[in-house]
Amino acid sequence: MEVRAMECLRRLLRRSCEALFLLQLISHHHVTRLVQGLDSSLRQRLLQLTFNQLVCSEEGDQLAMQLISRLMEYYIGPDGRGTVDEISTKLREGCPSYFNESDYKYFLAVECLERASATVNAGERESLARDAFNHLTKIPETADLSTVCKRFEDLRFYEAVVRLPLQKAQALDPKSDTINGKIDPVLRDSALAQREQCYEIIMNALRNLKGEVGQKGTPKAFDTSVSVSAALDPASRNRFIRQIIQLSVQWPDTGFHEHLYRTLIELGLENELLEYGGSDLVSFLQSAGRKPLQEVQAVASVTPSPSSLRDLEAPIPSSQTKYLDLLAKYYVMKRQHFLAANILYRLAERQCTNAGEAPTLEQRCQYLSNAVLQAKSASSSGGPINSMRNTMDDDLSDMLEAKLAVLRFQMRIKEDLELMASRLEALQGSESSPIDQFTQGNQVTDAEIAKAARDKAKELALDLKSITQLYNDYAVPFKLWEICLEMLNLQSIQ
């Protein structure tokens, strides 16, 4: 016990000596100028700080680091009066518990960034930025990336903007607690929040290039350079956006990829997403859009059947439609026409729990038309095709063409019913002559027919009907005989 007490006393004395050395070093400079860069709350905390707190508390560590940062800025800022090595040697020798090797590497990187910002030579600027990047890769978990990554952004050194936050995310969560369902949910949420804070640095770089303002930015120390992003031409902006995406998908972090993909969609960068997305893009789009489709997973071994196609009828919220749209575009881009046709068919057939979210019949018709084109492309695509797969493609194409023909009947019936209702309502409104009992009875009948036609037209706008429903429930009751004959003719051909 006595030995332990002596050791604690020795550590306290050593720490106190280091605190006195730090205060003495700061007193040799213009203290007012050093602290004026701090915000008002930090200055107030500094005024109330006791020597005991400086030596023994975490708050003392934090405020000491703020003072050291101001001191470093004095030496290596635009109007600096020295180098990192000059002041850091004194700090590491006199107060190593306040200024360690990680701090030294961090400020070496900051010094390189300052010099890079000041040079007009592009080659030298890139070399200095890479030196800063190399220093920071050695201390990813301790570096203040919200500060330095903005500087790398200004220098257009996006390799650091992408890789440093991802290295820090990995260092903060080395066991991948974010995907461990067995740990405490509080710990998992904490690990996820730390990771997402790192991810947002990269997302904000994309937003800045796209012209968006990051929502989670904070004031940055040492952020004295002027951003030149506004001076970028569209071609350069697009090139840097592609660079960020390509660097990002190389990192083996599925959670980050999901974060990236959602941000790209949010920013309207769908084309870049489809072109440069990683190998997990399809699984992301499937999952986000309610992973479809046993027939998508076993295309070569399962023939589409009515039962499997009925699986597509589950309601799809409008928030998920965009993911299926992108999945269909991806399959088209990759010439996977059969899969694209299935997704487009699912979008055309989709039901909605909220009628206001339902696609119009015109939109459904466009989806089905595109699905037919993709199914025909699948049937006519070159290369060796086994007979079973060829039959599948032909069956799908025939089924989709039949669906499209029925949908066109539905659109015509809806249009005729709306026209019928409008004419009957107009006749009622124009009636100005004296009304006898017989005429009044006809008007009541016309009003009922107009209302029924209007209601049926609204029903037709909600979802797709079968040809039997169209014939029995809509065409025959309203005596649309021409359409009835055409539907009978279609059925006889099929």
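Of SER190, SER146, SER127, SER97, all but one fail to be in a helix (DSSP H, G or I), of a type in the set (Gly, Ala, Ser) and more than 21 Å from GLN243 (Cα to Cα); the exception is SER190.
For the condition at pLDDT below 90 and aliphatic (A, V, I, L, M), what is the one hit in LEU71, LEU49? Lay out the reasoning, then the answer.
Working: LEU49 fails: at pLDDT below 90.
Result: LEU71 is the single residue among LEU71, LEU49 that is at pLDDT below 90 and aliphatic (A, V, I, L, M).
The set of residues in segment 463-481 being without any contact (Cβ under 8 Å) to a residue 40 or more places away in the chain and part of a helix (DSSP H, G or I) consists of THR468, GLN469, TYR471, ASN472, ASP473, TRP481. Restricted to segment 350-405, and to residues there that are closer than 29 Å to PRO315 by Cβ, in a loop (DSSP other than H, G, I, E, B) and in contact with a Ser or Thr (Cβ under 9 Å, 6 or more places away or on another chain), the residue that is modelled with the lowest pLDDT is ASN354.
Quick one: in segment 106-130, which of the residues that are among the acidic types (Asp, Glu) and under 26 Å from ARG207 (Cα atoms) is farthest from the chain's Cα centre (by Cα)? Explain how you work it out, then say what you get.
Here is the first cut: in segment 106-130, the ones among the acidic types (Asp, Glu) are 111, 114, 124, 126.
This time we only want the ones that are under 26 Å from ARG207 (Cα atoms), so: 114, 126.
Numbers: GLU114: 32, GLU126: 30 Å.
The selected residue is GLU114.
Does THR83 qualify as being free of Cβ contacts under 8 Å to residues at least 24 places away in the same chain and over 41 Å from the mean Cα position of the chain (by Cα)? Spelling it out, it is not the case that THR83 is free of Cβ contacts under 8 Å to residues at least 24 places away in the same chain and over 41 Å from the mean Cα position of the chain (by Cα). Among the conditions (1) surrounded by fewer than 17 Cβ atoms within 10 Å (Cβ to Cβ); (2) within 28 Å of ARG346 (Cα to Cα); (3) at pLDDT 90 or above; (4) hydrophobic (A, V, I, L, M, F, W, C), LEU419 misses just one, which is (2). When LEU12 is tested against (1) farther than 27 Å from THR147 by Cα; (2) free of Cβ contacts under 8 Å to residues at least 40 places away in the same chain, only condition (2) is not met. The sole residue among THR137, THR147, THR142 that is of a type in the set (Val, Ile, Thr) and either under 17 Å from SER117 (Cβ atoms) or touching a strand residue (DSSP E or B) at 6+ places or on another chain (Cβ under 8 Å) (or both) is THR147.
Among residues of segment 155-182 being part of a helix (DSSP H, G or I) and surrounded by fewer than 19 Cβ atoms within 10 Å (Cβ to Cβ), the one that is modelled with the lowest pLDDT is ILE179.
Would you check if THR321 is at pLDDT 85 or above and of a type in the set (Ser, Thr, Tyr)?
Working: at pLDDT 85 or above: yes; of a type in the set (Ser, Thr, Tyr): yes.
Yes; evaluated as a whole, the condition is true for this residue.
Here's the yes/no breakdown for (1) assigned to a loop (DSSP other than H, G, I, E, B); (2) under 29 Å from ALA171 (Cα atoms):
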position	(1), (2)
ARG239	no, no
ARG242	no, yes
SER248	no, yes
PRO252	yes, yes
PHE256	no, yes
TYR261	no, yes
LEU264	no, yes
ASN271	no, no
GLY278	yes, yes
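Using the structure shown, decide if ALA143 is surrounded by 16 or more Cβ atoms within 10 Å (Cβ to Cβ), aliphatic (A, V, I, L, M) and modelled with pLDDT under 85. Considered against the rule, which asks whether it is surrounded by 16 or more Cβ atoms within 10 Å (Cβ to Cβ), aliphatic (A, V, I, L, M) and modelled with pLDDT under 85, ALA143 comes out as yes. Taken over segment 10-51, the residue count meeting the criterion of being assigned to a helix (DSSP H, G or I) and under 22 Å from ARG92 (Cα atoms) is 22. A search for C-beta distances below 9 Å between a residue of segment 142-158 that is touching a residue at least 12 places away in the same chain (Cβ under 8 Å) and any residue that is assigned to a helix (DSSP H, G or I) and acidic (Asp, Glu), counting only pairs 6+ apart in sequence or on different chains, returns THR142/ASP103; ARG151/GLU114; PHE152/GLU159; LEU155/GLU126; ARG156/GLU126; PHE157/GLU126.
When the criteria are applied in full, MET72 meets the requirement of being surrounded by 18 or more Cβ atoms within 10 Å (Cβ to Cβ) and part of a helix (DSSP H, G or I).
The values are calculated or read from the model by the stated rules, or taken from the named source; none is laboratory data. Not measured: the values here are computed from a predicted model. All Cβ positions, even for glycine, are placed from backbone atoms using ideal geometry, and neighbour counts span all protein chains on display.
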